[in-house]
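Take a look at the structure below.
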Amino acid sequence: MNKKLLVIDDQQGVAKVVGLIASSLGYETRVLTCPMRAIDVFIDFNPDVVILDMIMPEKDGIDVLNEILLTGKQPRIVLTSGFSDGYLRLARGVARFHANDDVAVLRKPFRRAELVAVLQAAG
């Protein structure tokens, strides 16, 4: 059975490329560019891995991460951000609060090889 990956990133191009690369590695993927729908899609899809952008309009990655972890499920989390490390540190703290230490970081802009390495480590 293929691992499931949910990509949540408001940048449509980034989300699509991540989804295509993950699919080529054997992941069943869903790509979401609207963070307002993230929790519903997460519950419906039940992914093993979530790639989550930290800076998004309407709802930031910290809020989405908290909602995901409040479900009690413990997916592997890959945090992405092109901004300061402050958001990434805060997100790691939120994950630790929910007893999920399975968190990786992928700084934007990332290269294909970096994404592949993170996805292979998660799979």
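The values are calculated or read from the model by the stated rules, or taken from the named source; none is laboratory data. Here the structure is a predicted model, which is why all the values come from computation and not from measurement. All Cβ positions, glycine included, derive from the backbone under ideal geometry; neighbour counts span all protein chains shown.
Kindly indicate which of Asp40, Asp44, Asp102 is among the acidic types (Asp, Glu) and either touching a strand residue (DSSP E or B) at 6+ places or on another chain (Cβ under 7 Å) or at pLDDT below 95 (or both).
From the options Asp40, Asp44, Asp102, the qualifying one is Asp102.
Can you tell me which residue within segment 69-85, out of those that are of a type in the set (Ser, Thr, Tyr) and more than 15 Å from the chain's Cα centre (by Cα), is modelled with the highest pLDDT?
Thr71
Kindly indicate whether Arg76 is buried (at least 17 other Cβ atoms within 10 Å of the Cβ) and either touching a residue at least 24 places away in the same chain (Cβ under 8 Å) or farther than 22 Å from Gly123 by Cβ (or both).
Criteria met by Arg76.
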